[in-house]
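The next block holds one structure in the form of structure tokens; read it before the comments.
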Amino acid sequence: MPLAAPVTANAFETRATAAWVYDMTTQTVLMDKNADTPVPPASMSKLMTLNMLFEALRDNRVTMDTTFAVSTRATEMTRLGGSTMYLQENDRPSVRELIHGIIINSGNDACVVVAEGLAGTEEAFADLMTERGKAIGLSHSTFRNASGWPDPNQRMSMRDLGLLGKRLIEEFPDLYPIFSETQFNYKDRAPANANNRNPLLKIAAADWQADGLKTGHTTEAGYGLVGSAVMGDRRVIFAMTGLASDKDRASESEAIVNWAFRQFTEKTVVKSGVRVADAQVWLGAADSVGLVPAEDIRLLLPSQVQEQVTAEVIYNGPVEAPIAKGAQLGELIIHVPELPDARVPLVAESDVAKGGFLKRLTAAAGVLRARYIDAAPAAAPAS
């Protein structure tokens with residue numbers, strides 16, 4: 001059972017102005033630096049445009065071969081000087097091509113085409129993005145356009161961006177591999193713009209591999225990245241912003257991934273079904289019942305403190321019979337230095353039936369005896 005315990009380890013001080021780092025395998029927050037502050041997301045907000053398009057595909061409202069018209073407004077995005085897929089008004093790009101154009105080319109024009117193709121206007125699409133964002137748990141996000149073009153009301157937090165990346169990975173496994181593709185050149189129009197900007201995809205690490213997700217840059221936002229990488233059974237996802245240059249973004253993203261994988265160790269603290277304590281039973285066929293975790297308890301621990309884990313068991317007892325096997329009776333509270341406590345449900349190891357007549361009679365007699373002793377007047381002192 002993975003535990004969602006946020007880590008407060010201070011071993012790594014990121015240069016990003018805001019960042020959120022998350023171990024998806026153990027559901028552990030590794031870093032939270034201004035993670036809930038709404039900031040300009042730049043092109044990282046294109047992940048929400050992609051989410052809207054992926055949902056349309058999932059719901060069969062469009063297919064990968066559906067084509068959309070290219071408006072004057074869409075081509076204007078190229079003339080404004082932002083990142084582009086180099087669409088022209090006589091083009092009819094398919095959904096498949098637009099997905100590649102958004103992920104790999106970071107095409108602002110492609111985002112406008114998708115917005116107009118799905119909602120009629122970009123304004124209407126932005127309203128839908130905001131509404132849908134709230135529905136899927138993006139608490140600090142508002143949208144005014146589909147591309148991340150600068151707007152005072154286009155805002156996302158790093159936690160929201162990380163959670164959105166997590167959603168794309170988990171909800172759309174057939175589409176997610178496109179994020180790791182490195183080149184796309186629509187109709188051979190711009191070979192110089194054909195390369196994926198994600199710097200992690202260029203790193204040939206021996207023990208981990210990056211496979212997403214999206215870069216972002218504007219003068220206001222600085223350089224940012226929503227990234228994801230896998231090492232063995234672990235996946236780390238992060239969002240960061242506010243770096244001074246693309247070089248800083250590249251080095252900081254690599255440093256974050258190395259830190260997340262190499263300074264934390266995943267450990268099985270207790271296996272499922274292993275008794276960690278006994279709970280007293282009231283009026284039962286047995287006087288006690290074992291308390292066990294229903295699933296393996298796995299923690300992600302800072303490497304320097306993994307031998308210093310302690311734990312305590314709490315439950316309200318004695319527990320009255322009958323007791324069903326698997327019923328939650330208490331909690332295991334795990335203490336790790338520098339981390340908030342992790343709380344794990346503990347369940348009954350076995351069934352405990354009600355005690356027979358003699359058992360109940362004995363218990364009743366014990367209660368009466370205790371009451372009599374409590375109520376009896378104290379003996380007068382000897383004179």
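None of the figures in this text is laboratory data; all of them are computed from the coordinates on show. None of the values given here were measured: they were computed from a predicted structure. With ideal geometry, Cβ positions are generated from the backbone for all residues, glycine too; neighbour counts draw on all protein chains shown.
For Val230 and Ala190, calculate 0.36 nm times their separation in residues minus their Cα-Cα distance, and state this gained length in nm to one decimal.
11.3 nm
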In order through region 129-136: 3J(HN,Hα) via Karplus (6.51 cos²θ - 1.76 cosθ + 1.60), integer Hz, x for Gly, Pro: 4, 4, 4, 5, x, 5, 5, 9
Place a point 7 Å from the Cα of Lys267 in the direction of its beta carbon; the residues of region 14-42 whose amide N falls under 20 Å from it are 23-31
Estimated 222 nm signal from helices in the chain, with DSSP H stretches of n ≥ 4 weighted -39500 (n - 2.57), rounded to 500: -9000 deg cm²/dmol
Among (1) 1.19; (2) 0.96; (3) 1.00, which is the computed Rg/Rh (Cα atoms, Kirkwood Rh)? (1)
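At 0.36 nm per residue, and after removing the present C-alpha to C-alpha distance, how many nm does the segment from Glu89 to Ala294 gain when stretched out fully?
That works out to 67.9 nm of additional length.
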Under 28 Å between C-alpha atoms is the cut-off here; go through the chain and count lysine pairs that meet it, provided they're at least eight residues apart or on different chains. 29
Efficiency by 1/(1 + (r/R0)^6): what FRET value for Asp341 and Lys134, r their Cβ-Cβ distance, R0 = 41 Å, to the nearest 0.05? 0.85
Per residue Cα convex hull volume in Å³ - calculated over region 7-135: 141 Å³
Quote to one decimal, in nm, the extra length available between Glu171 and Ala324 on full extension: 0.36 nm per residue of separation minus the C-alpha distance between them. 51.5 nm
FRET efficiency, 1/(1 + (r/R0)^6) with R0 25 Å, evaluated for Arg61 and Gln27 via beta carbons: 0.20
Mean-square fluctuation maximum in Gaussian network of the chain, Cα pairs under 10 Å, restricted to Ile256, Ile237, Ile314, hits Ile314
What number, in percent, do you get for the relative contact order of region 18-262 if the mean sequence gap of Cα pairs under 8 Å and at least 6 apart is divided by its residue count? 24 percent
If one builds a Gaussian network model of the chain from Cα atoms under 10 Å apart, the most fluctuating residue listed among Thr310, Thr130, Thr17 is Thr310
Simple SL model, points at 7 angstrom along Cα→Cβ for Phe12 and Trp282; separation in nm is 5.0 nm
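Charges at C-beta only: +1 for Lys and Arg, -1 for Asp and Glu. How large is the resulting dipole of region 18-262 about its Cα centre, in Debye rounded to 20? Intermediate results must be reported in sequence, preceding the final value.
Numbers: 25 positive and 31 negative charges, 52 e Å.
Roughly 260 debye for region 18-262.
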Which of Gly107, Gly317, Gly242 moves most in a GNM of the chain, Cα contacts under 10 Å? Gly317
